[in-house]
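Here's the structure, in structure tokens; my notes come after.
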Amino acid sequence: MSTTAAEDTDTRRGGSSEDLKFDCIVVGSGHAGSCAALSARESGCERVLVIDKCPPEWVGGNGFFTAGAHRTVHGGLRDLLPIVQNVSPEAAEKIDMAPYTAEDFTRDIMRLGDGRSDDSDPQVVKAVVDGSRAAVQWLAERAKVPFTFSFNRQAYLVDGRQVFWGGMVLSVEDGGKGLIAAHRKALEAAGVETWLNTTATELLVEGDTIVGLVVNREGTPVKLRSPAVVLACGGFEANKDLRGKHLGTDWERVKVRGTPYNTGDGLALAQRIGARLTGDFAGCHSTCWDANAADDRGDRVLSNQYTKSGYPLGLMLNAHGARFVDEGADFRNYTYARFGRAILAQPGGVAFQLWDAAASKWLRAEEYAPDVVERVEADSVEALAEALCGRGLEDPRAFVRTVEEYNDAVRAFRAEHPERRWDPAVKDGLSTRGLALPKSNWALPIEQPPFLAVKVACGITFTFGGLAIDPETAGVLSDASGEPIRGLFCAGELVGGLFYGNYPGGSGLTGGAVFGIKAGREAAKVGKAT
């Protein structure tokens with residue numbers, strides 16, 4: 001093979017043309033990319049390289065900013081106990097955890113699609129659902145991910161028992177930070193190389209086959225040879241221009257929850273060689289986010305603590321003092337990924353979450369403690385409204401009137417249904433009567449001081465549009481032929497066709513693992529056949 005100018009440059013930096021040959025190159029250092037790299041290594045690839053354009057202090061992609069939640073099919077408590085690290089035998093006897101079937105998981109993905117569930121690729125959905133349990137097992141055994149039961153996010157203590165709700169039960173010790181730490185340790189132990197401050201600029205193709213990748217490594221162009229490349233570098237949520245183009249101009253002003261380095265690079269690389277795009281390019285995962293958080297990136301310390309997901313326990317009102325969503329429509333992990341969009345559509349793109357003393361004691365300290373979020377408190381709703389005027393509330397009288405009308409509707413419903421009891425661990429049907437916009441579950445009156453409010457905005461997590469793949473291999477499809485482009489694979493948030501409009505919490509990381517593992521395994525097969 002002739003030496004290129006890029007290879008000459010790398011040789012001058014202490015390398016050689018042989019140093020630039022790899023069995024598999026993974027673009028992206030997050031959860032999906034890490035899964036792909038480790039899977040490729042254990043499947044027979046001798047030299048595996050992970051590259052990421054981020055600096056070392058930003059390694060880990062969006063996975064770092066998650067709570068570590070993984071949604072998986074499971075047979076109930078006894079099925080998952082062997083892979084978690086935070087449950088003693090005594091504690092296990094006080095846990096209620098219903099099985100979560102493949103039918104449950106599939107139905108949850110499809111029903112949340114804003115009436116567009118038929119647009120989801122059923123085979124992609126099936127691959128995630130059917131591969132979910134094996135994927136979390138692989139993560140626990142191969143990557144040594146320290147799984148825990150998510151007591152703090154997915155269970156309530158009811159009558160002395162921990163009752164799990166919403167189908168999602170697994171988290172990771174120290175959340176996304178713990179997840180990425182486990183991946184980094186596993187990759188190092190497996191001998192996987194990592195180049196940071198390295199941007200992928202061009203996929204190398206001979207005929208219809210991938211043969212390598214051109215990168216810019218700390219300002220120097222370098223040509224890398226490899227029969228397999230896995231794109232796992234996220235969507236375009238951190239790219240203001242692409243958000244405006246695909247999601248709409250309002251989305252140019254949202255807050256970025258995670259890494260600032262997910263700017264659509266993988267889409268551009270693949271599109272230039274004829275890859276097929278698919279999925280909901282007008283959709284994304286967006287949630288209630290601290291209005292005081294930074295605009296263009298997440299916080300590496302507070303991370304997912306900026307999420308504000310306690311709204312099912314209270315109310316959300318906009319700057320005009322009006323409610324705009326049914327806060328109790330479903331469990332939090334089925335609504336939070338679309339309520340960010342609802343907030344963005346409000347005046348000023350902000351809202352106020354509100355609770356009284358009876359409900360606020362149920363809020364998670366990790367999201368609502370005084371050292372995490374600005375808490376506005378008062379001894380009356382009127383005084384609270386006045387205090388919020390200095391924080392963007394435009395109509396305090398309407399705010400008070402909305403709360404009073406809501407309280408009347410709660411009392412009217414209770415008068416008709418005295419048998420109903422509030423229970424945060426089930427959809428309790430404790431609703432309102434007579435409101436144009438009901439609160440369908442968990443409707444408690446806002447009446448016990450002190451009253452608490454926090455200001456929230458829209459935080460974008462990841463985008464739903466992406467690359468079309470073969471769900472069996474994670475191979476990227478050619479737009480011209482509809483067949484996989486030999487040697488090119490995709491995993492993580494870059495995969496299109498899975499989610500539309502909304503998604504069930506915890507399924508993003510699971511999908512990243514499922515297709516990351518497949519991509520690494522298939523990359524090794526390509527290398528062996530070369």
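Couple of notes before you dig in:
- The simple Förster model, with R0 at 56 Å and r as the Cβ-Cβ distance, assigns Arg397 and Thr101 a FRET efficiency of 0.70.
- Residues of the stretch 384-412 with amide N under 18 Å of a point placed 7 Å along Cα→Cβ from Ala357: 384-385
- Secondary structure note: in the chain, about 75% of the DSSP beta bridges are antiparallel.
- Alpha carbon convex hull of the chain, volume per residue in cubic angstrom: 142 Å³
- Directionally averaged shadow of the stretch 138-274, computed from the convex hull of its alpha-carbon atoms, nm²: 12.5 nm²
- Prolate/oblate/rounded label for the stretch 235-390 (Cα gyration tensor, a/c 1.5): prolate
- Length gained on full extension, Glu57 to Glu141: 27.6 nm, using 0.36 nm per residue less the C-alpha separation.
- Listed residue pairs exceeding 26 Å between alpha carbons, taken from Lys185/Lys240; Lys53/Lys308; Lys53/Lys518; Lys240/Lys518; Lys53/Lys185: Lys185/Lys240; Lys53/Lys308; Lys240/Lys518
- Straightening the chain between Glu377 and Met110 buys 92.1 nm, computed as 0.36 nm per residue apart minus the Cα-Cα spacing.
- Shown here is the pair-distance distribution of the stretch 21-104: with all Cα-Cα distances grouped in 10 Å bins from zero up to the longest one, the shares run 14, 29, 27, 22, 7, 0 percent.
- The calculated FRET efficiency for the pair Arg364 and Glu218, based on their C-beta separation and a Förster distance of 56 Å, comes to about 0.85.
- Placing R0 at 41 angstrom, the Cβ-Cβ distance between Cys389 and Lys185 gives a FRET efficiency of 0.25 after rounding to 0.05.
- For the chain, a simple Cβ point-charge model (Lys and Arg +1, Asp and Glu -1, everything else neutral) yields a dipole of about 380 debye relative to the Cα centre.
- Ordering of 188-194, 286-292 by packing [mean C-beta count within 10 Å, highest first]: 286-292, 188-194
- Helical mean residue ellipticity (222 nm; -39500 (n - 2.57) per DSSP H run of 4+; nearest 500) of the chain: -9500 deg cm²/dmol
Laboratory data are not the source of any read-out in this text; all were calculated from the coordinates shown. Keep in mind it's a predicted model, so treat the numbers as computed, not measured. Here Cβ is always computed from backbone atoms with ideal geometry, including for glycine, and neighbour counts include all displayed protein chains.
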